[in-house]
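Peer 1: For reference, the structure I am asking about is given below.
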Amino acid sequence: MAGEERCGSRQRLFVAVDLPDGIREGLRAWGEAELVDPALKPVRAESLHVTLVFLGHRETAEVEEIVDLVGGLSAPPALMKLEDPITLPRRRRAALFALPAPSPATTDLHHGVVEKLVEAGLHEPDGRDFWPHVTVARVRSEGRGSRRPAGVARRPGDLPERLKEPFYAVRLTLYRSVLQPGGSRYVPLAQVELS
Ligand code: 2AM
């Protein structure tokens, strides 16, 4: 994905809420059946997450401070649920497929983490509303010099009811995004259990 690579010595960071293993496994099985259109690049099961705060590219000294701050956070488990896939952007050709993940607890957690990062001078919010979601696939570009997303003929079907039951997210992780052949890998730099 564009912009995933390291910029000089800087690292691309984000804080995420991890999904329980059972949910990731369910989404992997659903994705194997539904994210099959050749235009789709499914997100690997181990990389599925809800982005809590996107931090962009950061210098090494800042990365250390962010690791310390995130490692010292505490919060209760966040109740959330997943909804059927939607496409973004809404009015143009789909560039990604995501599962909305409505969760007041995760929204509270987002505001709390943002506040702590801002207080520490480690983050400037972009002013956009927080929208909890799980990106399950991105769409390849049409190719031949065009960056427009390719058309998706076989759109993913709905989630099974089992995957729409509420569940608790139990971990918060600071990730570094590293571009590798075959897609970005997310390397955990700090992790806290929500308890
Ligand atoms: P997405 O799931 O909506 O694509 C790592 O790239 C994570 O950071 C992804 O989950 C991605 O969210 C999120 N991300 C990437 N660029 C972002 C941006 N400019 N603003 C907010 N989140 C971003």
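The values are calculated or read from the model by the stated rules, or taken from the named source; none is laboratory data. In this text the structure is predicted, and so the values were computed from the model without any measurement. Note that each Cβ is placed from the backbone with ideal geometry, even for glycine, and that neighbours are counted across all protein chains shown. SASA here: full protein model, heavy atoms, side chains in, ligands and nucleic acids out. Shrake-Rupley method; radii C 1.70, N 1.55, O 1.52, S 1.80 Å.
Peer 1: Among residues other than Arg24 whose Cβ falls under 9 Å from its Cβ, what is the net charge (Lys/Arg +1, Asp/Glu -1)? The partial results should precede the final answer.
Peer 2: Values: positive: Arg28; negative: Asp18, Asp21, Glu25, Glu46.
Residues close to Arg24 contribute a combined charge of -3.
Peer 1: Please work out how much length the chain gains when fully extended from Glu46 to Leu79, using 0.36 nm per residue of separation minus the C-alpha to C-alpha distance, in nm with one decimal. Don't skip to the end; give the middle numbers.
Peer 2: Values: separation 33, 0.36 × 33 = 11.88 nm, distance 2.02 nm.
The Glu46-Leu79 span can extend by a further 9.9 nm.
Peer 1: For Arg93 and Asp68, what is the calculated FRET efficiency with R₀ set at 35 Å and r taken between the beta-carbons, to the nearest 0.05?
Peer 2: Working: r = 42 Å, r/R0 = 1.21.
Result of the calculation: an efficiency of 0.25.
Peer 1: For region 32-96, what class follows from the C-alpha gyration tensor (a ≥ b ≥ c being the square roots of its eigenvalues): rounded when a/c is under 1.5, otherwise prolate if a/b is larger than b/c, else oblate?
Peer 2: prolate
Peer 1: Indicate the gyration tensor shape class of region 120-195 (rounded, prolate or oblate), computed on the Cα atoms with a ≥ b ≥ c the square roots of the eigenvalues: a/c under 1.5 is rounded; otherwise a/b larger than b/c is prolate and the rest oblate.
Peer 2: Details: a/c = 1.90, a/b = 1.27, b/c = 1.49.
It is oblate, given that a/c is not under 1.5 and a/b is not larger than b/c.
Peer 1: Oh, and also: Kindly provide the helix-only [θ] at 222 nm of the chain, computed as the sum of -39,500 (n - 2.57) over DSSP H runs of four or more divided by all residues, to the nearest 500 deg cm²/dmol?
Peer 2: -7000 deg cm²/dmol
Peer 1: Please list the radius of gyration and Dmax for region 1-147, considering alpha-carbon atoms only, with Å as the unit.
Peer 2: Cα-based Rg and Dmax for region 1-147 come out at 16.6, 49 Å.
Peer 1: Same structure again: Relative contact order, percent, of the chain when contacts are C-alpha pairs under 8 Å separated by at least 6 residues?
Peer 2: Reported relative contact order: 34 percent.
Peer 1: Next up: What does the extension gain come out to for Val118 and Val192, with contour length at 0.36 nm per residue minus their alpha carbon separation?
Peer 2: In short, 24.7 nm is gained.
Peer 1: Could you calculate the FRET efficiency of Glu32 with Arg154 from 1/(1 + (r/R0)^6), where r is the beta carbon distance between them and R0 is 22 Å, rounded to 0.05? Each step should come with its number before you reach the end.
Peer 2: Values: r = 13 Å, r/R0 = 0.61.
Computed FRET efficiency for Glu32 and Arg154: 0.95.
Peer 1: Roughly what angle does helix 21-34 make with the longest principal axis of the chain, taking Cα atoms, 0 to 90 degrees, to the nearest 10?
Peer 2: Long axis of 21-34 versus the principal axis of the chain: about 20 degrees.
Peer 1: In addition: Local charge sum around Ser103 (other residues, Cβ-Cβ under 12 Å, Lys/Arg +1, Asp/Glu -1)?
Peer 2: -1
Peer 1: While we're on this one: How large is the accessible surface per residue of the chain, computed with a 1.4 Å probe and reported in Å² as a whole number?
Peer 2: Result: 54 Å² per residue.
Peer 1: Could you compute the net charge surrounding Asp37? Neighbours are other residues with a C-beta less than 11 Å from the C-beta of Asp37; K and R count +1, D and E count -1.
Peer 2: +3
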